[in-house]
Amino acid sequence: MDQFLFFLVAFLAVSSAVYFVFARNPLYAILSLIVTMFSIAGMYILLNAQFLAIIQIIVYAGAIMVLFLYILMMLNLNKEDESKKNNTLKFVGVFTAGLLLIGVLGVFRGVQENHVVVENVDKGVGLTKNLGRLLFNEYVLPFELASILILAGIVGAVLIGKKDL
């Protein structure tokens, strides 16, 4: 069942990424990129890395894609601009992706010969509960220092962006 879900999510991710590359309408391209980001989050969930899946959704599918949509709406692209673009970069991208696929298939060919069976796998490695326990027990000082640095960066950005002090 897990393998079927993986292939389903992987097919959705790859097909939406290909649609992103070849889409004529930039709005549909960005929406397909959002589907790709959610599919990658689904793969993280299948790998038992719930924290990474949540971060993927919040940071990429949430914040970055909203920023892309905002910029797209601010640019107000017209249909006349789309016809002037050529497809050379898209074909170069597909060619490069094909070379990458050949390289990955070569790696998998070498990995299949050295197949290792692992019997004792800890199922709680990627859980958020374990990450929080580790973060707030052993690494509490670096965590708090990072939060102070982020707060200083936010205050600095507000002071730089403010016109009148």
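Laboratory data are not the source of any read-out in this text; all were calculated from the coordinates shown. On a predicted model such as this, the values are computed, not experimentally measured, just so you know. Cβ atoms come from the backbone with ideal geometry, glycine included; neighbour counts cover every protein chain shown.
Here are a few things to note about the model shown:
- Applying 0.36 nm per residue to the separation of Leu47 and Ile71 and subtracting their alpha-carbon distance, the gain on full extension is 5.3 nm.
- Projecting label points 7 angstrom from Cα along Cα→Cβ for Glu144 and Arg109 puts them 5.6 nm apart.
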